[in-house]
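Everything below concerns the one structure shown next.
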Amino acid sequence: MLNLVFKDILVQKKSLLFYFIYIIIAGMAFKGIGLGGFTAAVMMLSYVFLANSCTYDDKNKAHFMLNSLPVKRSKIVLSKYVSMLLFFFLSILMYLSIYHLVKLISLPMSLNLNLSSINIEGLLGTFFALSLFAGIYLPIFFKFGDTKSRTISIVLYLVVFFGFALVVQSLNSIKQLSFFQNIYEAIKPFTKNDMIIGTSIALISILILTLSYFVSIKFYKNREF
């Protein structure tokens, strides 16, 4: 299984420069929304990593080769979820490298990326968002393959890229409404414990990925090549 994960990472090497540029573009697109810029950049880049690895497998008919070997289909499925986690950490490292580089270089005001710093809240929020979208995408991929799931992938990608800023703006507007202010005040006492909130988000993310994993196994085991 580790060889499958290594393969998923290795096939990305030709696109690394594009990925760094991608982070810069995302930083410019979402500058000014604070921590949301980090979440958008890292989550979308992780998702692009994952989608590209799946596209590579179908394009090179890797499933035919893998299923001719004594490798359990459950391990093939698991390798994609492990790769997703590694893509997440790799995206964070790439973001950090750009973040610190920007701090060292004096950029014109028009090019100021205004990349947000990273904290636990941002990491958990990003992991939750990635778990949600990858949890939807991977079962579809293992059910239909890349060709049929590509449309779904594009739709999810557009939802992430264009919908994220809209959601942030909408939430800021909603907070101004008295009805939602009352709701916020009612639940505020339960949101003061950061440990409980963080643990809850992490557990929900793990639950989403676990359910997605078992659904993917079921789909992939019933798929014919």
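Since every read-out is calculated from the coordinates, none of them should be taken as a lab result. Every value quoted in this text rests on a predicted model; they were computed, and no experiment measured them. Neighbour counts run over all protein chains shown; Cβ positions are idealised from the backbone, glycine included.
Of note:
- Each of TYR19, TYR213, TYR137 was scored by other Cβ atoms within 10 Å of its Cβ. Arranged with the fewest first, they read TYR19, TYR213, TYR137.
- Over 29 Å (Cα to Cα) - which of LYS13/LYS75; LYS7/LYS103; LYS14/LYS218; LYS13/LYS148; LYS59/LYS103; LYS14/LYS221 fall in this group: LYS7/LYS103; LYS14/LYS218; LYS59/LYS103; LYS14/LYS221
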